[in-house]
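The values are calculated or read from the model by the stated rules, or taken from the named source; none is laboratory data. Not measured: the values here are computed from a predicted model. Note that each Cβ is placed from the backbone with ideal geometry, even for glycine, and that neighbours are counted across all protein chains shown. Accessible surface areas use protein heavy atoms only, side chains included; no ligands, DNA or RNA. Shrake-Rupley method; radii C 1.70, N 1.55, O 1.52, S 1.80 Å.
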Amino acid sequence: MDKIEPLIREMLEVAHLCFLRGLVSGTSGNLSVRKGNTIWISASGTCLGTLSEREILPIPLKNEHPVSTRSLQAKPSSECPFHRYLYEHSSFQAILHLHPPYCIALSFYLSEFTPETSERSYFPERIQVIPQSGPNISDYPYVVKALMQDRIVILKHHGIVSAGEDVKEAFYLADALEHTARIAFLKRVWAQFP
């Protein structure tokens, strides 16, 4: 467990930052980290702003031997199947699925987002806005393909997914994207004034 403690601390730090930065609200959003053949994932129905160590659950990378939820203090995030799929089809070590309001608002009107601020060097030329169906992430192969290219995607009317070598890298991408989306929104508002 000693090798896991720093990982859990980093996950908690990032979860709390996501909440403080307004990238999630209430019990929305989830995060995970892959360590060997185990995924450490936030529990279902938890608030990232108050996430605790006991709300980060270990589950097997492969679903061959599903963990009984009776053996856990809580259920893994409802997005667990997506996290598992992404890890099985990529070399990413961390995933954040967040609901930042400016990214979501822009997704109602755009099929792709072109960052225009100095942060654009962090991103691909255009960030894909991927249509979704239902309350959970859908069309896993398409989302994973986009993440493999760009490390971050916007899910239409839903949120974003960012992935990286560690949870902080995924957070920095997500935070910078929301900052850029906020500026794009404000730019459009200010453009209406003479």
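Structure above, values below:
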quantity	calculated
Selection status of residue 33, in a strand (DSSP E or B) and either closer than 18 Å to residue 160 by Cβ or touching a helix residue (DSSP H, G or I) at 6+ places or on another chain (Cβ under 6 Å) (or both)	yes
Close pairs from the stretch 145-159: first touching a residue at least 60 places away in the same chain (Cβ under 8 Å) and of a type in the set (A, V, I, L, M), partner in a strand (DSSP E or B) and surrounded by 18 or more Cβ atoms within 10 Å (Cβ to Cβ), Cβ under 7 Å, at least 6 apart	147/153; 147/161; 147/163
Residue list for the stretch 124-133, restricted to those being modelled with pLDDT of 75 or more and open to solvent by less than 100 Å² (accessible area, probe 1.4 Å)	127, 128, 129, 130, 131, 132, 133
Number of the condition not met by residue 59 [criteria: (1) of a type outside the set (Gly, Ala, Ser); (2) closer than 29 Å to residue 179 by Cα; (3) at pLDDT below 95; (4) in contact with a Pro (Cβ under 6 Å, 6 or more places away or on another chain)]	(2)
Count of residues meeting criterion [under 19 Å from residue 125 (Cα atoms), free of Cβ contacts under 8 Å to residues at least 60 places away in the same chain and open to solvent by 20 Å² or more (accessible area, probe 1.4 Å)] in the stretch 168-194	1
Subset of the stretch 77-109 (residues that are over 17 Å from the mean Cα position of the chain (by Cα) and without any contact (Cβ under 8 Å) to a residue 24 or more places away in the chain)	109
Only listed residue being of a type outside the set (Lys, Arg) and in contact with a Gly (Cβ under 7 Å, 6 or more places away or on another chain), chosen from 179, 157, 99	99
